[in-house]
Amino acid sequence: MTNLPNPTIELIEQNPDVKSFIYQQIAEFDGFVTPETVVAVVARDPRKLALQYETEGRDFNKADLKKLYRIAIVLTEADAKVEAEGVSEDIYDAIRMAKDNLLKKLVEIQDSVISQQDRIIEINHVMQNSTLH
């Protein structure tokens, strides 16, 4: 890793293997995005996890945080935004974790929307087919 403020950025931008892996991972969002959706892969400073880890009561060494890759994948469309992070000592694992965490969120959102739509359809069906006595 270099002496840049966030050397992960250089790795993402200049390493063709990492770039290719990112494109493979974000391709899995195809069923959840539209042509207007902006997909961003963001390298975040893993040292800033210290406060979160302290709050959660996790055991960690501040010096070890520098060894981690902290990757976020962010989907934005109009006023809506959903994102997830992955943290690992391996950049590929961090990217994969971010993708998996975001897919989990998207599936939860999709399931809640479908459930609401199903309830509305069922209510409308009952109301149309009910007779008054």
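The values are calculated or read from the model by the stated rules, or taken from the named source; none is laboratory data. The structure displayed is predicted, hence computed values, not measured ones. Reconstructed Cβ throughout: ideal geometry from the backbone, glycine too, with neighbour counts over all protein chains shown. Please note that ligands, DNA and RNA were not included when accessible areas were found on the heavy atoms of the full protein model with its side chains. Shrake-Rupley method; radii C 1.70, N 1.55, O 1.52, S 1.80 Å.
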Between the alpha carbon centres of segment 74-133 and segment 20-56 the gap in Å comes to 17 Å
For segment 81-88, in residue order, the Karplus 3J(HN,Hα) values (coefficients 6.51, -1.76, 1.60; θ = phi - 60°; whole Hz; Gly and Pro = x) are 8, 9, 8, 8, 10, x, 10, 6
note: segment 13-133, Cα-Cα separations exceeding 20 Å make up a percent value of 56 percent
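How would you rank 112-122, 79-89, highest first, on the average number of other Cβ atoms within 10 Å across their residues?
79-89, 112-122
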Whole-percent carbon and sulfur contribution to the accessible surface of segment 8-133 (1.4 Å, no ligands, DNA or RNA) stands at 52 percent
Listed residues 78, 50, 27; largest mean-square fluctuation, Gaussian network over the chain with Cα springs below 10 Å, found at 78
For residue 104, counting only aspartates and glutamates whose alpha-carbon sits under 15 Å away and dropping same-chain residues fewer than eight positions off, the answer is 28, 30, 83, 85
For the chain, dividing by residue count, accessible area per residue (probe 1.4 Å) in Å² works out to 70 Å²
